[in-house]
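Engineer: Before we start, here is the structure in question, set down as structure tokens.
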Amino acid sequence: MFLSVFDIFKIGIGPSSSHTMGPMTAANRFLEEILHGDWPRPHDVSVDRLQVILHGSLAFTGIGHGSGRAIVMGLSGYSPDSIDPDIMDSVVADVEKQSHVHPEGHPAYRFNPADDLVFDRKAALPGHANGMAFSAFDADDRLLLKRIYYSIGGGFVVTDLELEKMKNDEGAAVAEDVPYPFTNAAEMLDMAAGSGLTIADMKRHNENIHLSSAELNNGLDRIWSAMGACIDRGLQHTGELPGGLRIRRRARAIHDRLQEEWTQNRVNPLLANDWLSVYAMAVNEENAAGGRVVTAPTNGAAGVIPATVKYYTRFHDGADQKGIRDFLLTAAAIGGIIKHNASISGAEVGCQGEVGSASAMAAAGLAAALGGSPEQIENAAEIALEHHLGMTCDPVAGLVQVPCIERNALGAVKAVTAASLALHGDGKHFVPLDACVETMRQTGLDMNDRYKETSEGGLAVNVVAC
């Protein structure tokens, strides 16, 4: 099992990795399939019209998550990692006016979002809660090509055949050509003990199979730069967030009050926690506004890790670039274990898989940056994840705002607390991380679908959205 640090941390746009970035990526893949896929092309017949049907959680909360806009942008040829969020409104408006998309390298295709983009709340696809059916028709509306895609969390997208293969291969022997192919925390600790390496060092050796050390360092620095820029933008902007709930951005005002308190040297025992919280809120307010964020491991949980790294750089004298890189590598190792053995998708296991996973990753990363042993790092991740077990995903109006923004702040606070507890111990503890991950998976299976990003239960129905 090998997931690159750049699979876990992907630069994209808000508000959702699974509901925004995933659909856009799926649309990109369908365009590629039209041009280069292995499918029977009738003689003298070409694709004229496209249709997309969203199922499951994508259908229930896709409007609030911007899934429709993402589909339009993806079919127009834009990808999550390079699109300028500021052009999205004008592109969508043009497509709605012209009823055509014009992706580069393709002919124009008929696509009227009012008719050809369908939110089907009745029929879920069998593979995953986030299912999409893309179809291409000729000028006489005869079906030429149909593909099923699933957005499985964190911006990852697979076809129905790829998902089936993943399920069939579950538990199979690891074949990846990396020196430390751990699939769970127990193997990770055994390999660390046998090699004498840190978790970050093992992750670095694995990455170096595909990337040079310079490429890896540059990539890690680029990820942190994007995270830091997102914090900065979130601390600069004010006003209401889009979507109709009239939620106001609070990070800027809180930041200004904290800054004043900082300069006046007032005694505040919670000062570090306050800064930690405002950093997380800044990221998730920016995400809710559709800005550029980094999946960590998802957009809905994008504030936890940047806030914890920023806390590390601000409140620890020994913080340096190596510490940040070790933080990200270690966090990615934990995130890979969770994704491989459970899920990071709110639509699959609830918010325990999003903010819970992010908090575990951040706790492990901070413990690593502060010099913790592999055992202490694993303990930190377990503490953070254990105390998010059972957390539902119930966004009000399907927007990544309530309770998501504040939830990231609390996830960051739990991460720092978990790292501190672990570092004050010797790494020995009662509940292994692997048991905690398996518990999260089982809890997700038991959880009612109303609490898994469908906005049919919890706060989403008990708070009036108006």
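The values are calculated or read from the model by the stated rules, or taken from the named source; none is laboratory data. Treat the numbers as computed from the prediction; the structure is a model and nothing was measured. Every residue, glycine as well, gets a Cβ built from its backbone with ideal geometry; the counts of neighbours run over all protein chains shown. Surface accessibility is based on the protein's heavy atoms, side chains included, excluding ligands, DNA and RNA. Shrake-Rupley method; radii C 1.70, N 1.55, O 1.52, S 1.80 Å.
Engineer: Can you say whether GLU187 is modelled with pLDDT of 95 or more and closer than 23 Å to ALA289 by Cα, as far as the supplied structure shows?
Structural biologist: So GLU187 does not fit the description; no.
Engineer: Restricting attention to segment 82-112, report how many residues are closer than 25 Å to ILE11 by Cα, out of contact with any Phe, Trp or Tyr (no Cβ under 9 Å at 6 or more places or on another chain) and in contact (Cβ under 8 Å) with a residue 40 or more places away in the chain.
Structural biologist: Result for segment 82-112: 3.
Engineer: Among the listed residues ASP86, ASP120, ASP116, ASP160, identify the single one that is acidic (Asp, Glu), under 22 Å from the mean Cα position of the chain (by Cα) and surrounded by 15 or more Cβ atoms within 10 Å (Cβ to Cβ).
Structural biologist: Result of the check over ASP86, ASP120, ASP116, ASP160: ASP160.
Engineer: Inside segment 350-375, can you point out the residues that are open to solvent by 10 Å² or more (accessible area, probe 1.4 Å) and assigned to a helix (DSSP H, G or I)?
Structural biologist: Within segment 350-375, CYS351, ALA368, ALA369, PRO374, GLU375 meet the criteria.
Engineer: Can I ask one more? Picking from GLU215, GLU187, which residue would you name as being closer than 30 Å to GLU286 by Cβ, open to solvent by 20 Å² or more (accessible area, probe 1.4 Å) and free of Cβ contacts under 8 Å to residues at least 40 places away in the same chain?
Structural biologist: The conditions single out GLU215.
Engineer: Would you confirm whether any residue within segment 406-420 is among the acidic types (Asp, Glu), crowded, with 24+ Cβ neighbours inside 10 Å and either modelled with pLDDT of 95 or more or under 19 Å from LEU270 (Cα atoms) (or both)?
Structural biologist: There is no residue in segment 406-420 that is among the acidic types (Asp, Glu), crowded, with 24+ Cβ neighbours inside 10 Å and either modelled with pLDDT of 95 or more or under 19 Å from LEU270 (Cα atoms) (or both).
Engineer: Please find, within segment 1-53, the residue that is surrounded by the most Cβ atoms within 10 Å (Cβ to Cβ) out of those that are farther than 30 Å from TYR180 by Cβ and small (Gly, Ala, Ser).
Structural biologist: SER16
Engineer: Taking segment 293-313 as the region of interest, how many residues are open to solvent by 10 Å² or more (accessible area, probe 1.4 Å), farther than 23 Å from SER79 by Cβ and touching a residue at least 40 places away in the same chain (Cβ under 8 Å)?
Structural biologist: So the count comes out to 2.
Engineer: Please state which of the following conditions ARG246 fails to meet, knowing it meets all the rest: (1) in contact with a strand residue (DSSP E or B) (Cβ under 7 Å, 6 or more places away or on another chain); (2) open to solvent by less than 90 Å² (accessible area, probe 1.4 Å).
Structural biologist: Failed condition: (2).
Engineer: Could you figure out which of (1) open to solvent by less than 30 Å² (accessible area, probe 1.4 Å); (2) under 20 Å from the mean Cα position of the chain (by Cα) isn't true of LEU389?
Structural biologist: Condition not satisfied by LEU389: (1).
Engineer: Another question, then. Can you tell me which residue within segment 314-336, out of those that are of a type in the set (A, V, I, L, M, F, W, C) and under 30 Å from VAL396 (Cα atoms), is surrounded by the fewest Cβ atoms within 10 Å (Cβ to Cβ)?
Structural biologist: The qualifying residue surrounded by the fewest Cβ atoms within 10 Å (Cβ to Cβ) is ALA332.
Engineer: May I ask you to say which residue of ALA307, ALA296, ALA272, ALA301 is part of a helix (DSSP H, G or I), of a type in the set (A, V, I, L, M) and either at pLDDT 95 or above or within 28 Å of PHE156 (Cα to Cα) (or both)? Steps first, please.
Structural biologist: Values: ALA296 fails: part of a helix (DSSP H, G or I); ALA272 fails: either at pLDDT 95 or above or within 28 Å of PHE156 (Cα to Cα) (or both); ALA301 fails: part of a helix (DSSP H, G or I).
Among ALA307, ALA296, ALA272, ALA301, only ALA307 is part of a helix (DSSP H, G or I), of a type in the set (A, V, I, L, M) and either at pLDDT 95 or above or within 28 Å of PHE156 (Cα to Cα) (or both).
Engineer: So the check is Cβ under 8 Å with 6+ separation or different chains; which pairs have a first residue in segment 265-279 that's buried (at least 18 other Cβ atoms within 10 Å of the Cβ) and a second one that's of a type in the set (D, E, K, R)?
Structural biologist: TRP275/LYS310; TRP275/ARG314; LEU276/LYS310; TYR279/LYS310
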